[in-house]
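Colleague: Let me begin by handing over the structure; questions about it come next.
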Amino acid sequence: MAANMYRVGDYVYFENSSSNPYLIRRIEELNKTASGNVEAKVVCFYRRRDISNTLIMLADKHAKETEEESETPVEADLTEKQKHQLKHRELFLSRQYESLPATHIRGKCSVALLNETESVLSYLDKEDTFFYSLVYDPSVKTLLADKGEIRVGPKYQADIPDMLPEGDSDEREQSKLEVKVWDPNSPLTDRQIDQFLVVARAVGTFARALDCSSSVRQPSLHMSAAAASRDITLFHAMDTLYRHDYDLSSAISVLVPLGGPVLCRDEMEEWSASEACLFEEALEKYGKDFNDIRQDFLPWKSLTSIIEYYYMWKTTDRYVQQKRLKAAEAESKLKQVYIPTYKPNPNQISSSNGKAGTVNGAVGTQFQPQSALLGRACESCYATQSHQWYSWGPPNMQCRLCATCWLYWKKYGGLKMPTQSDEEKSPSPTAEDPRARSHMSRQALQGMPVRNTGSPKSAVKTRQAFFLRTTYFTKIARQVCKSTLRLRQAARRPFVAINYAAIRAEYADRHAELSGSPLKSRSTRKPLSCIIGYLEIHPAKKPNVIRSPPSLQTPATKRMLAAPNHTSLSILGKRNYSHHNGLDELTCCVSD
């Protein structure tokens, strides 16, 4: 029962498709809907197969740089199988949230930030274990290094010198190492110092009363006195005492110069109410990611100012109230949810008796030979026997996986053993020949089903071929009108229309120069008077048809049909006017 109990903060598998690999998510909240169902608000993690090829190349480059920085490179010691499976363990964190039904949870897993001090083999030795080092933004399609990454090495840690023996003096120049701001062995007593601090607070309260902006923000005397009692006023007073060698009269004169009393304000007073609301909204969205808070919400503030305001804001009553509200909301929400064992996968191939095995072919079921796809091996490990088979890939390819490889595919998003497609695509992501990657199939690039040896079918479905047939006039125009047509430039811009009128005009001029007569673009239509004259000279003869009364012995005479004229037609396959009326163009008189 504990294995089927899921709590907030767990890394779990979600199934959104029976044939695709599981989604890896982290549960942030468990909410009960109005219909009584439970929905989980989750953080999205992406696999290598979910991002573009360009980002995969960037991820490989980042991994190579990280390996070069580490003192003990281990990538060269891995076998091809280990390198292949290690890519399936790499994830990419995102800031994207989504809500999914809790009934789609299919198990627990573990996701951790890549630890540079551990060997990558430790992730392969553990089941359901993943790592991440980069953050993926699905909206802008970018990969960035995680800001929580722990830097280990001499570039990031200080070298601690050996401890000096007793009696040896430190020969280093102390002024370059630290700055002294207070002397505990001062001639003043603690009471005198406290009295000077009270005077500094009073001067700060009076300065806020004279300042117009402060009087608007702190309209009451109590608010002004509380603002004057903050640490910035006390730090200024103690620094003034130290710089004047703890002379009270000289230090008091500095607190009230000729221009008026000194006003010291920290970030809590510098920020307006609207800026404070923006900061609280950004903190709710990004957490303590101050770079994103500054970039998206407060670009006019410096990073130092935002960090300083955050730690001052945590000391206010506003922070305490929000913390109580969040605690009350957490109490009202679900802490955990129980998801029972899910039903058998529809991708299971039925056994010979027509009954499917137990859930995902659990261990302990009896082996039953299957008649479907008899003799076809597993596409990953090439095994020929398994207690349960699963259809994998497009239905027309009829691929299948054994129970072990199917579970690996669902959890890790790839085949357990490297296939021929993986070996072919291994040199392609290099920057030396980026064009070679575009000619590879989409299935080979993303680890989709690719037919292994032993099948005459191609791994990729070919597109339907077509044949472009050109007319004789187009072929002649290509040779005659080369200066206007410019075939090479037209081929480079296939979507730009060709000026057909200019080509036709040039062809007419060239034809006129060669033959001495202008080109007739189309046959001129004969006038009606010419047609009437021709019909008067050549009247149509009526055929002599002998009509006999119908009888039962002799069938009726069939209707005479005119013999079709199989003379040449026009270019468009239609009869022109003269051909349709049986006219000879040579006998028609055309008046000029």
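The values are calculated or read from the model by the stated rules, or taken from the named source; none is laboratory data. Since we're looking at a predicted model, the values are computed, not measured. When the accessible area is computed, the model is the full protein with side chains, heavy atoms only, and any ligands, DNA or RNA have been set aside. Shrake-Rupley method; radii C 1.70, N 1.55, O 1.52, S 1.80 Å.
Colleague: Find the accessible area per residue for region 259-317; the probe is 1.4 Å, ligands and nucleic acids are left out, and the unit is Å².
Modeller: Here the residues of region 259-317 average 54 Å² of exposed surface.
Colleague: Accessible area, 1.4 Å probe, largest first: how do T404, T33 sort?
Modeller: T404, T33
Colleague: Next question. Using bins 5 angstrom wide from zero, how does P(r) for region 177-252 break down, in % of all Cα pairs?
Modeller: Each 5 Å bin holds this share of Cα pairs: 3, 16, 24, 20, 14, 11, 8, 4, 1.
Colleague: I'd like the accessible area for Y310, computed on protein heavy atoms only with a 1.4 Å probe and all protein chains in place. Round to 10 Å², please.
Modeller: 20 Å²
Colleague: Oh, and also: State in Å² the accessible area per residue of region 53-196; use a 1.4 Å probe, count heavy atoms of protein chains only, and round to the nearest integer.
Modeller: On a per-residue basis, 70 Å².
Colleague: Which whole-number percent of Cα pairs in region 137-279 have a distance greater than 19 Å?
Modeller: Roughly 69 percent, rounded to a whole number.
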